[in-house]
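Worksheet: the structure to be examined is printed underneath.
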Amino acid sequence: MATQSKGAEAAVFNSELETDMDLISLIDISKHYQMGGQTVKALDSVTVHIAKNDYLAFIGSSGSGKSTMLNILGCLDRPSTGTYHLNGKDVDSLTENELSEIRNLEIGFIFQSFNLLPRSTALANVMQPLVYRNISYKARKELALEALQRVGLDSRVSHFPNQLSGGQRQRVAIARALVTEPSILLADEPTGNLDSRTTDEIMILFDELHHDGHTLIIVTHEPEIADHCKRVVELKDGRIFADSRH
């Protein structure tokens, strides 16, 4: 069982039943760390299935397992035990080079701190993930321009990050995540450095991306951010405490 609470009985249905529509399947995932001679269970026997075009938030307090979940979903870390399937691929069996390729092809990352190259323009930042594709500079530029247009920044393509507002920088980061047409968009506290008005604008953009068919996974500690999502999975002490749909 993936739940510990009677109030979270719906989590069994949402999290543990696998279907042919699943884009992501985490099956009995655990992640353990050794700290000071003790074993810390960051994730403890978690099973969750995520369908294509899902709009899901993992929410929980500090220490709940959110960051570990993000790292495993993003193929940045491997679980101690369990199985992870992403878009039909058995992630556990992949080499480090194959994992790097998966991150480039399948996952679009959006970070709280934007992670933009400070000396590169918005256009150059969005083009960066395409460098590893066997396509021409002209094609990379066209794809990057299209991605910036999607997020409403086609008039800021020549601006550097320090010439953009926080919301604009996050839009550049979203365009960079979109440009490779990944299977999932994985956002880590994407509005943590933004004011309330800009937060609303970014979440409206996420809503639109979901409406357009993208699969979005947001890791957050803020209930108002999770409220935008169609599905909320609450983590507590490394386990799924509740799984509900709006």
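The values are calculated or read from the model by the stated rules, or taken from the named source; none is laboratory data. Every value quoted in this text rests on a predicted model; they were computed, and no experiment measured them. Using ideal geometry, Cβ is built from the backbone for each residue, glycine included, and neighbour counts are taken over all protein chains shown.
Condition (residue is of a type in the set (A, V, I, L, M, F, W, C), modelled with pLDDT under 95, out of contact with any His (no Cβ under 6 Å at 6 or more places or on another chain) and surrounded by fewer than 16 Cβ atoms within 10 Å (Cβ to Cβ)) applied to the stretch 174-195: is it met by at least one residue?
Checked against the condition, which is being of a type in the set (A, V, I, L, M, F, W, C), modelled with pLDDT under 95, out of contact with any His (no Cβ under 6 Å at 6 or more places or on another chain) and surrounded by fewer than 16 Cβ atoms within 10 Å (Cβ to Cβ), the stretch 174-195 yields no hits at all.
In the stretch 47-63, which residues are more than 19 Å from GLY88 (Cα to Cα) and among the hydrophobic types (A, V, I, L, M, F, W, C)?
Of everything in the stretch 47-63, those that are more than 19 Å from GLY88 (Cα to Cα) and among the hydrophobic types (A, V, I, L, M, F, W, C) turn out to be LEU56, ALA57, PHE58, ILE59.
For the stretch 128-137, name all the residues that are among the hydrophobic types (A, V, I, L, M, F, W, C) and loosely packed, with under 14 Cβ neighbours inside 10 Å.
VAL131, ILE135
Identify, please: which residue in the stretch 113-127 is crowded, with 16+ Cβ neighbours inside 10 Å and either of a type outside the set (Gly, Ala, Ser) or farther than 21 Å from ASP188 by Cβ (or both) and is, among those, modelled with the lowest pLDDT?
PHE114
Would you point out the residue of the stretch 61-110, among those that are among the β-branched types (Val, Ile, Thr) and surrounded by 16 or more Cβ atoms within 10 Å (Cβ to Cβ), that is nearest to ILE184 (Cα to Cα)?
Step by step, filter the stretch 61-110, then rank; the result is ILE107.
Hey, which of the helices (runs of 4 or more DSSP H) in the stretch 107-218, taking only ones fully inside, have at least 1 residues that are in contact (Cβ under 8 Å) with a residue 60 or more places away in the chain?
Of the helices (runs of 4 or more DSSP H) lying wholly inside the stretch 107-218, those with at least 1 residues that are in contact (Cβ under 8 Å) with a residue 60 or more places away in the chain span 166-178, 196-211.
Do we find that LYS6 is over 21 Å from LEU99 (Cα atoms), in contact with a strand residue (DSSP E or B) (Cβ under 7 Å, 6 or more places away or on another chain), among the basic types (Lys, Arg) and modelled with pLDDT under 95 in this structure?
Answer is no for this residue.
What residue, among those in the stretch 138-159 that are farther than 18 Å from ILE110 by Cβ and at pLDDT below 95, is surrounded by the most Cβ atoms within 10 Å (Cβ to Cβ)?
Of everything passing the filter in the stretch 138-159, ASP154 is surrounded by the most Cβ atoms within 10 Å (Cβ to Cβ).
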